[in-house]
Amino acid sequence: MISVVVPLLNEERSLEPLYEEIAAALEPFDEPFEVVFVDDGSTDGSLEVLTRLNAETANVVVVHLRRNFGKAAALQAGFLEAHGDTVVTIDADLQDDPTEIPRLLAKLDEGFDLVSGWKAHRNDPFVRRLFSRWFNWATAVVSGIRLHDVNCGLKAYRAEVLHGMRLYGELHRFIPILATYRGYRVAEIPVNHRQRQHGRSRYGPERYLRGFFDLLSVTFMGRYRHRPLHLFGGLGLLMGALGFVILTYLTVDWFWGHAIGQRPLLTLGVLLVVVGIQLVSLGLLSELITSQHEERMDERERIEKLVGEVLR
C-alpha cells in the first residue's frame, strides 16, 4: 500500500482538487493507496470537506487534532496512522504537484530510502525565496549534508525510515538530515512547484530562525549523540590549551619582574582553563550516560539486512 500524508491548516478550497489529483497520479499503480489528511486545528470548513470525502471514498483517512500543534506534530500524527509500505508527504496548498509522485516512487525503487523534492523554480515571493535559500545554505554548512531544498513538503519514504522518528518543533524540516544520520540513503530530484491558488502562506522569517535552533539540535544529536566526549572534550582541550599558553606567558613575564596580578589576561587564562576542565568533565559524564543507553539498546536494530544466517 502507498500512504499519502497531507498536513493541512485552513485549506478547505484545496482539499477536493488535491485528492482528485493524488488519485489520478496513483491510478496507474497496481498497489492500493490511502490518503491520510491531518487537520491541524483548522478553523474554516476543512473538517467538513474532509468528513464528506471520507464518506464518499474508501481510501480517505481523516485525523483531526484538537488545536494547531504545528506541522511537525501533524506529520507525526499522520505517520502513526499511515499503513503503507511507502509513505508520501505533500502539502495541501496545491503548490506541490501530485503528478510528481510517480517520479519520486521511481527514484525510491532505485534503492533509496528517502527521496526529497527540490523546488528548483519556486513560485513564491522573492523574500521567501531569499530566506529559503539562506536557510538551505546554512543547513548544508552546519549538517554537512548537501541538499538544495531540505524543506520541500513533497517527499517519498520507505516506511521503516519513519519508525522511531520523533518530530516536534520545526524538526519536520530536517527529516532528510535525521534519516541520513541514521544510515538511510537519501536522494533529491527537481519537482514542479505551482502558484498558490487559495489561502495565504503562514511561513515567515521567524520560522526560519526557530528552525535554525532546531538545526543545531539535530546536528548535535546526529553527530555526537553516541560520542559526546568528542565534542565537549575537544572544545575543553582547545580552551584549556589556550588558557595554559596564556598562563605560561604570564608566568614567564612574572619571572622577568613584571606585575601580572591586575592584568585582564590573567583572568582570561584562568577562566579558559577552568571552563576547559568543566567541558571535559561534562563530556565524560555524557559518555557515562550514553554508555548506559547503549547497553540497553538492541544492536540488531542497526542491521539492515542479514545474508547467510545459520539457524541454531
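Within the stretch 15-33, the set of residues being in contact with a helix residue (DSSP H, G or I) (Cβ under 9 Å, 6 or more places away or on another chain) and touching a residue at least 40 places away in the same chain (Cβ under 8 Å) comprises L15, L18, Y19, E21, I22, A24, A25, L26, P28, F29, F33. Taking the listed residues S291, S286, the one that is of a type in the set (G, A, S), part of a helix (DSSP H, G or I) and at pLDDT 75 or above is S286, with no other qualifying. For beta carbons closer than 7 Å, sequence separation of 6+ or different chains, a first residue in the stretch 60-72 that is closer than 16 Å to D91 by Cα and part of a strand (DSSP E or B) and a second that is at pLDDT 90 or above and among the small types (G, A, S), the qualifying pairs are V63/A77; V63/G78. Of all residues in the stretch 154-166, those being part of a loop (DSSP other than H, G, I, E, B) and either surrounded by fewer than 22 Cβ atoms within 10 Å (Cβ to Cβ) or free of Cβ contacts under 8 Å to residues at least 60 places away in the same chain (or both) number 4. L47 meets the conditions (1) under 20 Å from the mean Cα position of the chain (by Cα); (2) open to solvent by 20 Å² or more (accessible area, probe 1.4 Å) in every case but one. The failed one is (1). Any residue at all in the stretch 95-102 that's closer than 23 Å to E188 by Cα, open to solvent by less than 10 Å² (accessible area, probe 1.4 Å), in contact (Cβ under 8 Å) with a residue 60 or more places away in the chain and in a strand (DSSP E or B)? For the stretch 95-102, residues closer than 23 Å to E188 by Cα, open to solvent by less than 10 Å² (accessible area, probe 1.4 Å), in contact (Cβ under 8 Å) with a residue 60 or more places away in the chain and in a strand (DSSP E or B): present. Looking across the stretch 79-88 at every residue that is out of contact with any Phe, Trp or Tyr (no Cβ under 8 Å at 6 or more places or on another chain) and touching a residue at least 24 places away in the same chain (Cβ under 8 Å), the one that is surrounded by the most Cβ atoms within 10 Å (Cβ to Cβ) is identified as A82. Applying the criterion of being under 28 Å from R67 (Cα atoms) and of a type outside the set (D, E) to the residues of the stretch 24-44, the residue that is surrounded by the fewest Cβ atoms within 10 Å (Cβ to Cβ) is T43.
Scanning the stretch 133-189 for residues that are charged (D, E, K, R) and modelled with pLDDT under 80 gives a single hit, E170. Just checking, which of L272, L247, L238 is free of Cβ contacts under 8 Å to residues at least 40 places away in the same chain and open to solvent by less than 40 Å² (accessible area, probe 1.4 Å)? Among L272, L247, L238, only L272 is free of Cβ contacts under 8 Å to residues at least 40 places away in the same chain and open to solvent by less than 40 Å² (accessible area, probe 1.4 Å).
The values are calculated or read from the model by the stated rules, or taken from the named source; none is laboratory data. This one's a predicted model, so the numbers in the text were calculated from it and none came from an experiment. Backbone-built Cβ (ideal geometry, glycine too); neighbour counts: all protein chains shown. Keep in mind that these areas ignore ligands, DNA and RNA; they rest on the heavy atoms of the full protein, side chains included. Shrake-Rupley method; radii C 1.70, N 1.55, O 1.52, S 1.80 Å.
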